[in-house]
Structure formats: structure tokens, C-alpha cells
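This report refers to the structure that appears directly beneath it.
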Amino acid sequence: MEKEARLLFGKILGEIYRFQRASDVVVCPASQGRIYALLNGFEGALEKELDVMGVISDAEIKAVTGMLLAIWKDKDRLAQFKGYYDIEVELEQRKISRDKAIKILTYLKANHQFVELIERMDSRHSPVECKSFDLDELYSSSV
């Protein structure tokens, strides 16, 4: 990202945080200092925001969708699929962390892809954080 684009991103994000801070309804995740730093182009503050946000590459999405498609197409694997633990090792082999997998699975479900398979993860064969991938729950728990 060019320097100017980073500055613009910081200013826009800083303004969003500033509006959230002024709201009685929305909880703002940023301190006054962080907002000030973003609005005034502090490089460290911009880098921190980009690091926290993270990036999920198209290759990572393709890795997960390819793995799910293989399960979906194989009637035996599909019938035996019980939850996240069934795919965890394969995800690790593909260098997909649990945090990224959660984001990708949430995206896929929101996009109405592999919904039946993703919903099967709501079982004792999944860790607590990998049972539900609903946007409504994600957004309501963060407010």
C-alpha cells in the first residue's frame, strides 16, 4: 500500500473510531491516543491496525474451499464428517491457523457455500470457538 493510501486509511479509521467513541450505543475499541495517532498519520499506529486486521489471501481461501470440496464430493468422507477436528490437521498442513480458518469458514457460510458441512461443526467434535460461524452471533457478541 502506498504511503498516501496508508495515511488515508488511518484517517478514515480514526474518524470511524472517533464517531464510535462519541456514541452511547456503539463500543469503541480504540483509545483517545490511538485515535489521535491514526488521524495524524503516526506510522506505528497504522502498522498496528494493519497487523491486527490481518490478511487472508486468495490462496488460503482456495486451500480451505478445495479441502471442503474434496470432503463434499466424497460420499464416505461426507458421511463420516463430524466436526472441526476432522479437518484440523489438514488445515495445519496447509498453513491455515485456527483463527484464519474461523474467518474463512464464517465468510464461506455467509456466502452460502458449504453451509451443510460447516453447520456440522456445531458438535462435540469441534472446539468451542469452531462450532458456530454465524455473522449475527459474531457481531452481537462484539457490541
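Per the Debye formula with a single identical scatterer at each Cα and no solvent contribution, what log10 I(q)/I(0) holds for segment 11-77 at q = 0.22, 0.25, 0.26, 0.29 Å⁻¹? Relative scattering, expressed as log10 I(q)/I(0), comes to -0.88, -1.02, -1.06, -1.17.
Measuring r between the beta carbons of Trp72 and Asp51 and using R0 = 35 Å, the FRET efficiency lands at 0.55.
Here Glu15 and Asp99 are evaluated by their C-beta separation; at R0 = 25 Å the FRET efficiency comes out at 0.35.
Of the labelled figures (1) 17.9; (2) 17.4; (3) 15.6, only one reflects Kirkwood radius over Cα pairs in Å as derived from the coordinates, namely (2). Taking 25 Å as R0, compute the FRET efficiency from the Cβ-Cβ separation of Asn111 and Glu88 and round it to 0.05. It comes to 0.70. Dividing the summed helix terms, -39500 (n - 2.57) for each DSSP H run of n ≥ 4, by the number of residues in the chain produces a 222 nm estimate of -20000 deg cm²/dmol to the nearest 500.
Extension gain, Val27 to His125, is 31.9 nm, computed as 0.36 nm per intervening residue step minus the present C-alpha separation.
Rule-based calculations on the coordinates, nothing more; no lab input. A quick note: this is a predicted structure, and the numbers were derived from the prediction, not measured. Counting neighbours? That spans all protein chains shown, and the Cβs are built from the backbone with ideal geometry, glycine included.
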